[in-house]
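Chemist: Handing you this structure, nothing more for now.
Here, each number is a calculation from the coordinates, and none is a lab measurement. Owing to the predicted nature of the structure, the values given are computational and were not obtained by experimental measurement. As a convention, Cβ positions derive from the backbone with ideal geometry for all residues, glycine included, and neighbour counts pool all protein chains shown.
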Amino acid sequence: MRLVHYITIAVALLLIILLYKGVNTIPPAKPPMAAGAGSTPPMAGGMPSTPMAEPASFDSILVASRKQLPDHARAEIGAIEKKISETKDSAAMAPLYADLAKEWQQHKQLPIAAFYYAKSAKLDNSEKKLNFAGQLFLDQLHDAGSSGVQVWEGQQAIACFERSLEINPKNDTVKLAMAAGYIEGTGELMQGVTILRGIVAEKPDNIPANLMLGKMSLQSGQFDKAVSRFEKVLSVEPNNTEAMYFLAEAYKNKGDKQKAIELLTKCKELVNKPDFSKDVDQYINSFK
């Protein structure tokens, strides 16, 4: 697996954890492969180029998802849809859309579930529910099945987070999630990076934003910038193993193998898990 893949997965996992548990300080399960031959080339602006597909339509996703339902589920969903069509009061429609979402979720059709959770959240104008729906869209990005569905999910997540920020403009965690929607979902990397830079402009010590920017710099081959971001994190949280881990990768790619080994060794000691230690030792032996 290429370095870009590890970083992409790590960014997504970071946002999932942020919305529910707080900042992640655990490094990836395995050391990243070396950047270089075969890695994604940076474009002129320094970020890797990601082509943006046409978003799939909701109707096409709905038709495909409905085919996956057992007969009894179609009947149950149809009954709720009928209630919605007969309801004129938007306040009464919100819980019905939530019930519809739960039915789709129960049958593991999560993009459709997220869509109806979002409709319910918008009717309730609930920050918490909007964040839940947006995160559910983000959770599906790497299992989208097609680039069109992935872009649609990214757009839907962004719309949820934009509405949430109208309610609470100061929520940096939601801004981070919206940045992930651009970076991971729609492929609009610079829009995501702009959001992250805005966060650190106001709060230079923001750990999650610096981690994400550091990983993006590492992905695009901007190793000096990556070092700066990860060292900023470690100046605030000296034992942040995630920053330590990726800082080692940045130094390795800069040619400072000894510094990389020192950081990986310290990271290994802090994590203190046999499987992780074994992977790190193998990785160090691959380049020292």
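Chemist: Can you tell me, using C-alpha contacts under 8 Å and at least 6 residues apart, the relative contact order of the stretch 53-187 as a whole percent? Display every interim value, and only then the final one.
Modeler: Values: 176 pairs, mean separation 31.4, N = 135.
The value is 23 percent.
Chemist: Order of Val236, Val193 from fewest to most other C-beta atoms within 10 Å?
Modeler: Exposure proxy ranking, most exposed first: Val236, Val193.
Chemist: Can I ask one more? Say the dipole of the stretch 159-288 comes from +1 at the beta carbon of Lys and Arg and -1 at that of Asp and Glu; which of Ile261, Ala209, Ala180 then lies farthest toward its positive end?
Modeler: Result: Ile261, furthest along the dipole toward the positive end.
Chemist: Separate question: Among the lysines, which fall within straight-line cross-link reach of Lys128, defined as a Cα-Cα distance under 30 Å, with same-chain neighbours fewer than 8 residues apart omitted?
Modeler: Lys21, Lys82, Lys83, Lys88, Lys102, Lys108, Lys119, Lys170, Lys175, Lys203, Lys215
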